[in-house]
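Quick notes on the structure that follows.
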Amino acid sequence: SKRWAKAMLRAGAPWVLTFDLRDGQDLDDPGTRALVEALIAEGSCRVLGGGPVCASFSEANTPPIRTHAFPRGRPGLSETSAARVRIGNSQNTWTASLVRLCLEHWVITWIENPDGSWFWRQRPYVRLAADPRVAFYRTDHCAWITSGPRWRKRTRFLIVGPVALAGCK
């Protein structure tokens, strides 16, 4: 999030690095992923935040792309939906591995996605939820973003580290 990055700089962070598909930085690229992992492992990263692609995880998809029987994607999807599912599953699995890497290297972490999203129901995040070092925070963006939408947009944040919001519900 560039808004978050700019806020970090205003708060005194010496530097902030963002990766954004809109800038041609594809986090599905193995080289880009390896770079992010190396920055964490070598200690160059103190905080990691992210909002992985969530289009295929939405409960609003009609017809449903994911179900309780097929949380990783229903069989027989159209080519377009199947591609969205592959991207979503890849980012879900990879960001969960980043959270584990951040736990190992004491990196403060936040990951956000819509609260009711299938994102949180995937096995890697169900396992992370059982880790006592991981907390979740739910909020409605409309309650604190003055320029944001006026409708409720419940969002869940996974939080790792000594963050004031950790443990809030």
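Okay, here's what the table says:
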| read-out | value |
| --- | --- |
| Filter result for the condition that a residue is at pLDDT 95 or above, within 15 Å of the chain's Cα centre (by Cα) and more than 24 Å from Lys2 (Cβ to Cβ), over Val126, Val85 | Val126 |
| Filter result (among the basic types (Lys, Arg) and surrounded by fewer than 18 Cβ atoms within 10 Å (Cβ to Cβ)) within region 83-92 | Arg86 |
| Residues of region 127-138 that turn out to be open to solvent by 80 Å² or more (accessible area, probe 1.4 Å) and either in contact with a Leu (Cβ under 7 Å, 6 or more places away or on another chain) or part of a helix (DSSP H, G or I) (or both), as a count | 2 |
| Tally, over region 55-77, of residues that are surrounded by 12 or more Cβ atoms within 10 Å (Cβ to Cβ) and of a type in the set (Gly, Ala, Ser) | 4 |
| Region 24-64, residues that are acidic (Asp, Glu), more than 18 Å from the chain's Cα centre (by Cα) and not in a loop (DSSP other than H, G, I, E, B) | none |
| Residues located in region 100-126, provided they are over 21 Å from Cys54 (Cα atoms) and assigned to a strand (DSSP E or B) | Ile108 |
| Filter result (more than 23 Å from Ile87 (Cα to Cα), modelled with pLDDT of 95 or more and surrounded by 13 or more Cβ atoms within 10 Å (Cβ to Cβ)) within region 40-54 | Ala41 |
| Test: residue in region 65-86 that is more than 27 Å from Arg22 (Cβ to Cβ) and either among the aliphatic types (A, V, I, L, M) or part of a strand (DSSP E or B) (or both) | yes |
| Of residues in region 3-16 being touching a helix residue (DSSP H, G or I) at 6+ places or on another chain (Cβ under 9 Å) and surrounded by 12 or more Cβ atoms within 10 Å (Cβ to Cβ), the one farthest from Arg100 (Cα to Cα) | Ala13 |
| Candidates Thr95, Thr80 - the one that is surrounded by fewer than 12 Cβ atoms within 10 Å (Cβ to Cβ) and either within 21 Å of Ala129 (Cα to Cα) or among the hydroxyl-bearing types (Ser, Thr, Tyr) (or both) | Thr80 |
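Listed here are the residues, each with its yes/no results for (1) in contact (Cβ under 8 Å) with a residue 12 or more places away in the chain; (2) in contact with a helix residue (DSSP H, G or I) (Cβ under 8 Å, 6 or more places away or on another chain); (3) not hydroxyl-bearing (Ser, Thr, Tyr).
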site	(1), (2), (3)
Asp23	no, no, yes
Val36	yes, yes, yes
Pro52	yes, yes, yes
Ser56	yes, yes, no
Ala60	no, no, yes
His68	no, no, yes
Ser78	no, no, no
Ser90	yes, no, no
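The values are calculated or read from the model by the stated rules, or taken from the named source; none is laboratory data. A quick note: this is a predicted structure, and the numbers were derived from the prediction, not measured. Here the Cβ is made from the backbone with ideal geometry for all residues, glycine too, and neighbour counts use every protein chain on show. Keep in mind that these areas ignore ligands, DNA and RNA; they rest on the heavy atoms of the full protein, side chains included. Shrake-Rupley method; radii C 1.70, N 1.55, O 1.52, S 1.80 Å.
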